[in-house]
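The values are calculated or read from the model by the stated rules, or taken from the named source; none is laboratory data. The structure presented is a predicted model; accordingly, all values stated were derived computationally and were not measured. Please note: Cβ atoms are built from the backbone with ideal geometry, for glycine as well, and neighbour counts cover all protein chains shown. Ligands, DNA and RNA are excluded from the accessible area calculation, which covers all protein heavy atoms including side chains. Shrake-Rupley method; radii C 1.70, N 1.55, O 1.52, S 1.80 Å.
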Amino acid sequence: MRDGDIIMSKEKIGRIYRIAGPVVTATGISARMYDLVKVGNEKLMGEVIQIQGEKTTIQVYEDTSGLKPGEVVENTGEPLSVLLGPGLLDSIYDGIQRPLPVLTKQMGEYIKRGVEAPGLNLEKKWEFKPSVNKGESVKPGTIIGEVEEMPGLIHKIILPPLPEYTGKVAEIKAGKFNVEEPIGKLDNGAELKLSQKWPVRTPRKFTNKLQAEVPFITGQRIFDALFPLAKGGMAAIPGGFGTGKTVAQQTLAKWSDADIIVYIGCGERGNEMTEVLKEFPELKDPRTGRPLMNRTVLIANTSNMPVAAREASVYTGMTIAEYYRDMGYNVALMADSTSRWAEAMREISSRLEEMPGEEGYPAYLATRLAEFYERAGRVNTLSKEIGSITVIGAVSPPGGDFSEPVTQNTLRVIKTFWALDPRLAQRRHFPAINWLTSYSLYKDTLENWFVDNVGARWVEMVNELMAYLQEEEKLLEIVQLVGSDALPAKQQLTLEIARMIREFFLQQNAFHEVDTYCQMDKMYMLMETILHYANQANLALDQGAGIQSLINMESKETIANIKFIKDYKKELAKIKLDMDREFDKFR
Amino acid sequence: MLKEYRTITKVAGPLIFTEKTDAVGYADLVQIKLSDGSIKMGQVLDTSEDIVVVQVFEGTRGIDRKNTWVKFLGDTIKLNVSKNMLGRILSGAGKPIDGGPEVIPEKKLDITGAAINPYSRKSPAEFIQTGISTIDACNTLVRGQKLPIFSGSGLPHNEIALQIARQAKVPGKEQAFAVIFAAMGITNEEAQYFMKDFEQTGALQRAVVFLNLASDPASERLITPRMALTAAEYLAFEHDMHVLVILTDLTNYCESLREIGAAREEIPGRRGYPGYMYTDLATIYERAGMIHGKNGSITQIPILTMMGDDITHPIPDLTGYITEGQIVLSRELHRKNIYPPIDILPSLSRLMNAGIGPTKTREDHKQVSDQLYANYAEGRDLRGLVAIVGEEALSDKDKKLLKFADEFEKRFVRQGKHEDRDIKGTLGIGWDLMRMMPKKDLIRIKPEFKDKYYDK
C-alpha cells in the first residue's frame, strides 16, 4: 500500500466548521469538486462546491436547522449520480431523484430530512430478453437486450459508456430480474445489470450530433404554424407571472409528439405539480391512446423545498432524458422554470461570498445556461440509433422585463423564442404568445418537412398570415390616432382579416377537450379557409362591394366554431360553400 | 445545564456576534439577558467554531459587550399550539397580549414548518363564495389557494380582506372558516380597525390574532407569519378546520428581511433585497393547501402594498411568481369612488378553472368571465382613443363597448361593504351587462348558453 492511500482513507471523515443556511464548511476531508458528502449526525446529502485550503464548502440538499459545528462529515468519493434503469417512467422525484411516494411512506406528508431512497424500485422484477449471444463482441453503447417498461414501450438495456464494458459476452441470461441482479458477465469480469449509475453533471456520450430537420409537433397552432420547434431543438418561453407559462409547458408535455417527457418543476408551486399528478394519469396520449403518465418522468422540487436540490434538479432531469435518448427515443425536457434554477445558483453563490456579476447572479451564469441547453440535440447514439432531446425552458423574468440576465443569456443559446405577453393574457388571448416578438430559427430547415407531410401551400400560407398580422400592427398605430372608420376600405378589411386570424386561428383553448390539440391537417384547412375569405373579400372589394357588408358576412363568423368541432372537414367545406354563395351576391 | 456566555464581540443593527462558544446549532433559539435583567430572544443565523451570529427579535437596544449574557437553548423556535388558541390575541412572537393566561399547549411545533411533499397534496377545487362579484365571477378563490391582494398605500385593502373574512363560505357547506390574522408592522389604528370588526361580527371567537405593530421590533416580523401558519397548520390538519389566513402587510416583512441582509453585509439582489427572498417568501406562501387524507385546508390571503403602485417591484413580483394569482387594486377606480377598487385586468386566479363549472357554480361561469374580460379590456382601450378623436369618431360597436366598460365598473365592480352577492346574482349582473352588446358579438359564449341566458 502506498502512503497516499492511507492519507486518502483518513481524509474521508471530517468535521463541520461552519453552517450558514444551505452552505456548510467542513475541515479535515480532502474531497474532489462535486463529490457527494454526508453531512452531520443525520447524514444529510450534500455536494462539494468549493475547496479553499483546509476548508471544503458543501451545498446541502436538505434543511440544515440544528446542525452543529463539530459534527461528522463523510466523503463518499463519488459524484452526485442518478440510478438509471427500467422503472423511471411514471415516477415523480424530488431534485435528487428520491421518489416522492416513497418519501411519503417513510416520513408522512411533509418532507423531512436524512432519508435515503433509491431512485428505482429495487424489488420489482422485469422480464429481460437478451439480444446478444455468448461470445459476441460488445462495447460501450451496445444494446444487450430489452425490457418492456410500460405496455408498448421498450426499454433497451445499453452497456454504460465506460471503457470496462469492452469485451466479449461471457454469460447472458434471459428471464425475470430486478435492477440489481446480475444478468450476465463479460470476459473481462465486468458484471451486467439492468440498471446503471451516471453522474448528473457529466453529459452522456454519443457519436455525433445531427441537423434538426424534423419538427417537434405540439398540436398548438401558433407554435407549429408560426414558430415551429425542431426535434432536438431548444426553445425558451419567457413571460411575467400570469402570462400562462406553466399552462403552455403543461400543454406541450401533454400533446407534443415526443416518446418520453421529462418534466422538471424547478422551484415552482406545489399545487401545480399536484395538478400534473392528478391530470396526467387520466389523460391519453393522442397517438398511442395510453395514459400520458406512462411516458412521463416528473421531477418536483417546489419553491419551498431545499434550494441546493433545486439547483441539482435540472441536471437530474437532463441525465434521465439523455438515458432515453440513447435508446433512440425522442425525448422532450421541460424545465419550469430555469429562472428559479438560476436563482438557486445566485443564492448559493452569494453564500459563498463570490464576486457577483449582473444583478447579483454569479459570473458563470451564462456558461451554466449554455452548457445545459447544449445537452439538447438530435444525435447518432453509441448504439447507432437516432435519438433526440428537445429542451423547452420557461423563464420567469422579474417584472416581465426581458432585458434581465437570465432571459438574455438564454436567448443567446436557444433557437425558438416564444415570448409571452401580459397584454394578451389580460385580454384572455391564450396562448398569450406575442406573434411579433417571437421567432423561430428552425423555420427554414423545417419547411421541406411541412410541405412534404402536411400540404404544398404550408409555407406560403404561413407567410401570408404573418404578413396580415404585421400589417395590422402598423395600422393599429394609425387607428389609435384617427379611429378605424377613417381608414380606407382596403385597410379596414386587413384589420378584419387579422382579427379573424387572431381569434379563429391563434387563440387556442387548452382547457377545451377538442381545441386543446389541433391536428396538422386541421391547421392547414383552417388557414386555407381564412385565407380563402381574405382573397375573395379583397377581390370583391376591388369589384365594388361595400366594406361593411364584407365585414358583416355571417358565414365567415362560423369559422370561429371550427376549433371546437371534431368533425371539422365537413363543416369547413360547408362554410366555404356558404361564403362563396355570399360572395356571389356582391358580384 | 446550558452555558451562558459573555463573549459578544460585535453588535450591528439587529445582529450580535459572539465568540468562544461551544458548538451551537444552526437556527437554534437564543436567550439574551441584558444588564438590567430584561430578556430578549433571538435565533442563530450563522454558526461556526469561531463566531456565532444571532438575530435578535426584540431589537438590540441596551445590549453591550461586557454585561450581556447569551444563552443558546439548543432547540429551534417552537409555538405552543392548542385548540383553545381560538379567540386569543398574541404578540408577533406568540405571547398572549390580551391579558389572558398563557396558551396551555397540546403540542409544541417548530415554526419553520417543513415543505409539504407535492405527492401528498390534494388539488384545491372547492369554490369559496366571497360575495364580491369581481372575485367570485372573474378571479374565483378556492379552498387551499394562496391569493394575495396587491394594493397601494391609501387603498381599502383592509376593508376587502375583512369583507372576505366575513362573507367567505363554501355554498352548501355552512361550516365557517377559522380566521388566523397575522399583522406585521401595521399601525395601531389599522389593528384596531381589524379588532373592532372581529369583535362586532363575533369572528374573534373563531380567530387567532398575531399582532406585530409598527412600534414593535422589526426583526420579530420575520417570525410572525411563521407563527401564524404553524397555528393554521395545527388547526387545519390536526383539527380538520378550514382556515383562512390573512397576512398583512408582507411589504413590511420584506423590509425586515432586507434589514437583516444588510446588517450581515450580504451581497444584495434586486433593489437591495436579499437574493434568497424568493425562497424565503416561498416558505411562507407554500404553506397553504390541502393534504390527502386530511379534512382541513389552509387558504391564504396575504396583503402587500406595492411601492409607488409598481407591480414590477421585487416584492409583488416575487409574490406573483409563487402565489396562485393575485387580486390587484386600482387607484383609478378608487378615485372614481368605486368600492372594491379591484382591477380585473391584471388580476388572476390560477385555480379558478378547478373551482367552477356546472356542479360547483354554473355551467356558463367560465365563458361569462371570459366575455366580460374581453369586452371590458376593449372598452378600456377605447377610452384612450376617445380622449384623442372624440366619441363621434367611434363605430357603433365601439360606442357600445365604451358604454359597457363604464357600466361594468358601476354595476358589476361596485358593491357595498356589507353586500354579499351570491354567485347566481353575480352572473346575473354579468348577463345584464352583456345584453348591452348584440348577441352575435358575444363570441366567447356557446350558442346554447346565449339562448338560455341572453334572451330571458
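Mean residue ellipticity, 222 nm, helices only, the protein assembly as shown: the sum of -39500 (n - 2.57) across DSSP H runs of n ≥ 4, divided by residue count and rounded to 500, is -9500 deg cm²/dmol.
Once Lys and Arg get +1 and Asp and Glu get -1 on their Cβ, which of A:549, A:506, A:481 lies farthest toward the positive end of the dipole of segment A:458-584? The one lying farthest along the dipole's positive direction is A:506.
In whole Å, what is the distance between the alpha-carbon centres of segment A:484-535 and segment B:351-401? Computed from Cα coordinates, the inter-centre distance equals 20 Å. Segment A:66-110 has equivalent-ellipsoid semi-axes of 26, 18, 7 Å, by the square roots of 5 times the alpha carbon gyration tensor eigenvalues, sorted largest first. When only Cα pairs below 8 angstrom with a gap of at least 6 residues are kept, segment A:72-133 shows a relative contact order of 34 percent.
Axis angle, to the nearest 10 degrees, between helix B:224-238 and the longest C-alpha principal axis of chain B: 70 degrees.
Under a Cβ-only charge scheme (Lys and Arg +1, Asp and Glu -1), can you give me the dipole magnitude of segment B:365-454 about the Cα centre, in debye to the nearest 20?
Values: 20 positive and 17 negative charges, 56 e Å.
Around 260 debye, computed over segment B:365-454.
Taking the centroid of alpha carbons for each part, segment A:181-207 and segment A:238-293 are 31 Å apart.
Computed from label points 7 Å out along Cα-Cβ, the spacing between residue B:396 and residue B:75 is 7.7 nm. Have a look at segment B:258-293 and report residues whose accessible surface goes down by 40 Å² or more when the remaining protein chains are included, against the chain on its own, probe 1.4 Å, ligands and DNA/RNA excluded. Buried-area filter returns B:267, B:270, B:275, B:276, B:278, B:279, B:286. Taking every C-alpha pair closer than 8 Å and separated by at least 6 residues, the mean separation divided by the residue count of chain A gives a relative contact order of 12 percent.
Interface residues of segment A:110-158, defined as those with an accessible-area decrease of at least 50 Å² between the chain by itself and the complete set of protein chains (probe 1.4 Å), are A:110, A:111. Computed from point charges on the beta carbon alone (+1 for Lys and Arg, -1 for Asp and Glu), the dipole magnitude for chain A about its Cα centre is near 1000 Debye. For the protein assembly as shown, the share of accessible area belonging to carbon and sulfur comes to 51 percent (1.4 Å probe, ligands and nucleic acids excluded). On the beta carbon distance between residue B:84 and residue B:36, with R0 = 41 Å, the FRET formula returns roughly 0.75.
Roughly how crowded by other chains is peptide A:422-429, in terms of the mean Cβ count from those chains within 10 Å of each of its Cβ atoms?
Details: counts 3, 3, 0, 3, 11, 8, 9, 3.
For peptide A:422-429, the averaged partner shielding equals 5.
Based on C-alpha pairs under 8 angstrom that are at least 6 apart in sequence, chain B has a relative contact order of 16 percent.
Considering only protein heavy atoms, what per residue accessible area in square angstrom results for the protein assembly as shown with a 1.4 angstrom probe?
Details: 38760 Å² over 1043 residues.
Accessible surface, normalised per residue, equals 37 Å².
Given the pairs A:231/A:522; A:55/B:20; A:566/B:360; B:173/B:450, which span a C-alpha to C-alpha distance of over 23 angstrom in this model? Distance filter (> 23 Å) returns A:566/B:360; B:173/B:450. Step through the table entries A:576/B:399; A:209/A:284; A:576/B:366; A:156/A:185; A:129/A:156; A:254/A:384, compare each Cα-Cα distance with 21 Å, and write down the pairs that go over it. Over 21 Å apart, Cα to Cα: A:576/B:399; A:209/A:284; A:576/B:366; A:254/A:384. Spherically averaged projected area of the convex hull of Cα atoms, segment A:1-148: 12.8 nm². Relative to the dominant Cα principal axis of chain A, helix A:245-255 is inclined by about 90°.
Given +1 at the Cβ of Lys and Arg, -1 at the Cβ of Asp and Glu and no other charges, the dipole of chain B around its Cα centre is 800 debye to the nearest 20. Neighbouring Cβ atoms from other chains, within 10 Å of the Cβ of residues in A:66-73, number 5 on average. With the simple model of a label 7 Å out from the Cα in the direction of the Cβ, residue B:440 to residue B:381 spans 2.1 nm. Taking amide H as placed 1.01 Å from N in the peptide plane, the amide H of residue A:207 sits under 5 Å from that of A:380, A:381, A:382, each at least 5 places away or on another chain. For residue B:98, the residues 5 or more places off, or on other chains, whose built amide H falls under 5 Å of its own are B:89. Along the Cα→Cβ direction, 7 angstrom out, place labels at residue A:436 and residue A:535. What is the inter-label distance in nm? That separation, rounded to one decimal, is 2.8 nm. Since only B:160, A:389, B:114 are under comparison, the one whose Cα sits farthest along the positive direction of the charge dipole of the protein assembly as shown, derived from C-beta charges on Lys, Arg, Asp and Glu, is B:114. Accessible-area rank, largest first, for A:198, B:69: B:69, A:198, with all protein chains present and a 1.4 angstrom probe. Applying the Karplus relation 6.51 cos²θ - 1.76 cosθ + 1.60 with θ = phi - 60° to segment A:115-132 yields 3J(HN,Hα) values of 9, 9, 9, x, x, 10, 5, 7, 8, 4, 9, 10, 7, 9, 10, x, 10, 10 Hz, where x marks Gly and Pro. Overall, the anisotropy analysis places segment B:175-301 in the oblate class: the square-rooted eigenvalues a ≥ b ≥ c of its C-alpha gyration tensor yield a/c not less than 1.5, with a/b not exceeding b/c. Just to check, using Stokes-Einstein with a Kirkwood Rh over alpha carbon pairs, what's the diffusion coefficient of segment A:407-515 at 4 °C and 1.567 mPa s in µm²/s? Answer from the Stokes-Einstein relation: 81 µm²/s. Packing, taken as the mean count of other beta carbons within 10 Å per residue, orders the peptides A:411-420, B:16-25 from highest to lowest as A:411-420, B:16-25.
Derived scalar couplings between HN and Hα for segment B:102-117 equal 4, 6, 7, x, 8, 8, 10, 10, 5, 7, 4, x, 9, 6, 6, 4 Hz in order, rounded to whole Hz, by the Karplus curve 6.51 cos²θ - 1.76 cosθ + 1.60 (θ = phi - 60°), x for Gly and Pro.
With N the number of residues in chain A, Rg(Cα) / (2.2 N^0.38 Å) evaluates to 1.11.
A convex hull fitted to the Cα coordinates of segment B:1-152 yields 211 cubic angstrom per residue. In segment A:10-79, the inverse of the mean reciprocal separation of distinct Cα atoms equals 11.2 Å; this is its Kirkwood hydrodynamic radius. With a 10 Å cut-off around each Cβ of B:392-398, the average count of Cβ atoms from other chains is 3. Surface burial for A against B, with a 1.4 Å probe and both sides summed, reaches about 6200 Å² of accessible area.
For residue A:471 and residue B:420, a Förster radius of 56 Å and the Cβ-Cβ distance give a FRET efficiency of 0.65, rounded to the nearest 0.05. The spread of Cα positions in chain B, taken along each principal axis and listed from longest to shortest, comes to 81, 48, 41 Å.
Here the Karplus relation 6.51 cos²θ - 1.76 cosθ + 1.60, evaluated at θ = phi - 60°, turns the backbone of segment A:82-91 into coupling constants of 10, 9, 10, x, x, x, 6, 5, 6, 9 Hz, with x for every Gly and Pro.
Amide H contacts of residue B:146: B:300, B:324, each under 5 Å away and 5 or more positions distant or on a separate chain (H built 1.01 Å from N in the peptide plane; Pro and chain starts excluded).
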